[in-house]
Amino acid sequence: MSPDAAYDQLSRALEMRAPKCNGDPRFTEDRITPTVAKELAEICWTCDVALLCRQYANVADPKIGYWAGHRATPRPPTSNAGRRGAAKQTRPKRDTAATAAAKRIAWCRAHAARLRDAVSRGEIEPWYLDTAAHYEAEADQHEHASGAA
C-alpha cells in the first residue's frame with residue numbers, strides 16, 4: 001500500500017469520528033519526552049482509528065510526531081563533515097520482514113488484550129471489543145502470512 005492510499009483511508013476514518021488526539025499539539029511535536037510519550041500512549045490505546053494510524057505510519061515512515069502509540073523515528077543529521085573527529089554516522093538497521101511481522105503480531109495481540117481489559121473494568125465502552133477483534137484478526141493474518149504458529 002502506498003502512503004497516499006494509507007493516508008486516504010485514515011482521513012476517511014477521521015472524517016467519521018474525531019479521535020482524542022485531534023487538536024492535541026503534543027502528537028505532532030519534534031521531540032517527545034518519555035513522560036509525554038506515556039500520556040500519548042494512553043490516549044492511543046483506546047483509539048478506534050489506531051490501526052489505520054499505525055498502517056499509515058508504517059508505510060509513510062513519518063519523521064516527527066506520535067503515531068498509534070509509537071514515536072516517529074527522527075531522521076539522523078545528514079552530514080557531519082564539518083566536525084573534527086566526528087564519528088561516521090550509520091543508519092539504524094531495519095528489521096527483517098520476519099522480525100517486523102513478529103513485532104506487529106505481538107503489538108496487535110497486546111493492544112487487543114488492553115482493550116478487552118479496559119472494557120471489563122468499565123473504563124471504556126463495550127463497542128471497543130470490535131476494535132479488539134480487528135487487532136486479533138490482523139494478528140491472525142500476519143501469523144498466517146508469515147507462517148508463524
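Filter segment 21-37 down to residues that are of a type outside the set (S, T, N, Q), assigned to a loop (DSSP other than H, G, I, E, B) and open to solvent by less than 90 Å² (accessible area, probe 1.4 Å) and give me whichever is nearest to Ile64 (Cα to Cα). Give the steps one after another, and end with the answer.
Just the residues of segment 21-37 that are of a type outside the set (S, T, N, Q), to begin with: 21, 23-27, 29-32, 34, 36-37.
So of that shortlist, the ones also assigned to a loop (DSSP other than H, G, I, E, B) come out as 21, 23-24, 29-32.
Of the ones still in play, those that are also open to solvent by less than 90 Å² (accessible area, probe 1.4 Å) are 21, 23-24, 29, 32.
Numbers: Cys21: 15, Gly23: 16, Asp24: 14, Glu29: 7, Ile32: 9 Å.
Only one residue fits best here, namely Glu29.
May I ask you to say which residue of Ala87, Ala97, Ala101 is touching a His at 6+ places or on another chain (Cβ under 7 Å) and modelled with pLDDT under 85? Give the derivation first.
Details: Ala87 fails: touching a His at 6+ places or on another chain (Cβ under 7 Å); Ala97 fails: touching a His at 6+ places or on another chain (Cβ under 7 Å).
Answer to the check: Ala101.
In this structure, does Gly82 turn out to be modelled with pLDDT under 85 and open to solvent by less than 70 Å² (accessible area, probe 1.4 Å)? Spell out the reasoning first.
Details: modelled with pLDDT under 85: yes; open to solvent by less than 70 Å² (accessible area, probe 1.4 Å): no.
The answer is no for Gly82.
For segment 119-135, does any single residue satisfy the condition of being hydrophobic (A, V, I, L, M, F, W, C), under 16 Å from Ala41 (Cα atoms) and modelled with pLDDT under 85?
Yes, that holds for at least one residue.
The values are calculated or read from the model by the stated rules, or taken from the named source; none is laboratory data. The model shown is predicted, which means the values in this text are computed figures rather than measured ones. Ideal geometry is used to build each Cβ from the backbone, glycine not excepted, and the neighbour counts take in all protein chains shown. Just the protein is used for accessible areas: all its heavy atoms, side chains included, with ligands, DNA and RNA removed. Shrake-Rupley method; radii C 1.70, N 1.55, O 1.52, S 1.80 Å.
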